[in-house]
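Notes for the one structure printed next.
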Ligand SMILES: Cc1ncc(COP(=O)(O)O)c(C=O)c1O
């Protein structure tokens, strides 16, 4: 396996224990796990000594009921991360090609390489997945196309028309269209929807709007032969009992869902509008995060240092090939306001590049 091609995923750090760090780096739900879950989850009643067999089936049934799906075509994963890995291991072989967009979610490439297949990276158009570039890259070796809806990190989505166009085009082939819909619940737009066809595989997570990131729970829906392949290699107890019971409660909590969605919508727009007014470059986002692009004149490390000194944890975007950019998740109101105010202050800061020449050589550093 070409391990040297794989970059280790670095989860964002949480900072030192003595400091309060405002974590706006992992697109989690700032409102936390729902009250209903906290009230109904009674750990002392859960038989932790037993393997989680029946509960797995219950949760699948709940997902099937909620989304009107065939329960036989659903598989649960230890986070959607695990489902991506199972999918690639089960369905790819050496030399197969998988189309991934230029700024696509990094684990896609990793899992494709782990399966000895070839990631084919296509250019986006204005930070949006370019359907024409996808079509141009398809050949007889193509086995999968990964599309994030909406994309992490660029926050945009392909419309129902575009997805339908692509899936119809793929009909005569065996190519799978993988729709990773981790942030789908946040989108409010009439053009956002999917029409399930046999070549579409949907992956969803309970880590985001359901506020269960620490429990690791995701699910996948696809055609029978794909699900059967995954079931062959899935470890029988890949998701744990507490996660499964909690997941079932969380799925029914429409109030938390509604609250999280409207809260996100309000603050997402507020962050975008406030920072645009302060002349920052931010593109539209339909998820629970935004990407902010900075002037090339200042090195991004300087901006990252400045934000870190404000105790705000953000995600750098160079690994996503978005240079001079950071991604910020929508946080609690005080965190969002703090972020906006610190960034506005940053605009007013004067940074001077100091050049220091000695006999040993020249060093340069920035001073405020
Ligand atoms: C696009 C996308 N897919 C999948 C995941 C993984 O989600 P999970 O927590 O279910 O593994 C993430 C997490 O950030 C994501 O951004």
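Descriptive notes on the structure:
- Selection within region 115-132 - surrounded by fewer than 18 Cβ atoms within 10 Å (Cβ to Cβ) and either part of a helix (DSSP H, G or I) or not assigned by TED's automatic domain parsing to the domain that holds residue 177 (or both): 132
- Residues in region 22-54 that are over 29 Å from the mean Cα position of the chain (by Cα) and part of a loop (DSSP other than H, G, I, E, B) were compared, and the one that is surrounded by the fewest Cβ atoms within 10 Å (Cβ to Cβ) is 49.
- Hey, residue 94 away from the ligand (no atom under 16 Å from the Cβ) and either assigned to a strand (DSSP E or B) or assigned by TED's automatic domain parsing to the domain that holds residue 149 (or both) or not: yes
- Residue match in region 256-279 (condition: more than 14 Å from the ligand (Cβ to nearest atom), on the phi > 0 side of the Ramachandran plot and outside the structural domain of residue 167 (by TED's automatic domain parsing)): yes
- Any hit, region 97-112, residues being more than 15 Å from the ligand (Cβ to nearest atom), assigned to a helix (DSSP H, G or I) and under 18 Å from residue 233 (Cα atoms): no
- Meets criteria (closer than 18 Å to residue 26 by Cα and either surrounded by 13 or more Cβ atoms within 10 Å (Cβ to Cβ) or in contact with a helix residue (DSSP H, G or I) (Cβ under 8 Å, 6 or more places away or on another chain) (or both)) for residue 325: yes
- Scanning region 185-203 for residues that are within 16 Å of the ligand (Cβ to nearest atom) and out of contact with any strand residue (DSSP E or B) (no Cβ under 7 Å at 6 or more places or on another chain) yields 185, 186, 187, 192.
- Qualifying residue in region 184-199 (condition: surrounded by fewer than 21 Cβ atoms within 10 Å (Cβ to Cβ) and closer than 16 Å to residue 79 by Cα): no
- Filter pass, residue 179 being within 26 Å of residue 72 (Cβ to Cβ), crowded, with 17+ Cβ neighbours inside 10 Å, touching a residue at least 12 places away in the same chain (Cβ under 8 Å) and within 13 Å of the ligand (Cβ to nearest atom): yes
- Of all residues in region 21-46 being farther than 29 Å from residue 268 by Cα and in contact (Cβ under 8 Å) with a residue 24 or more places away in the chain, the one that is nearest to the ligand (Cβ to nearest atom): 41
- Test result for residue 160, within 16 Å of the ligand (Cβ to nearest atom) and over 17 Å from residue 59 (Cβ atoms): no
- Leading residue by the ranking (surrounded by the most Cβ atoms within 10 Å (Cβ to Cβ)) among those in region 65-90 that are in a loop (DSSP other than H, G, I, E, B) and within 11 Å of the ligand (Cβ to nearest atom): 79
- For region 204-229, a residue qualifies if it is on the phi > 0 side of the Ramachandran plot and either at pLDDT below 95 or within 9 Å of the ligand (Cβ to nearest atom) (or both), and exactly one does: 216.
The values are calculated or read from the model by the stated rules, or taken from the named source; none is laboratory data. Every value quoted in this text rests on a predicted model; they were computed, and no experiment measured them. Heads up, the Cβs are rebuilt from the backbone with ideal geometry, glycines too, and the neighbour counts pull from every protein chain shown.
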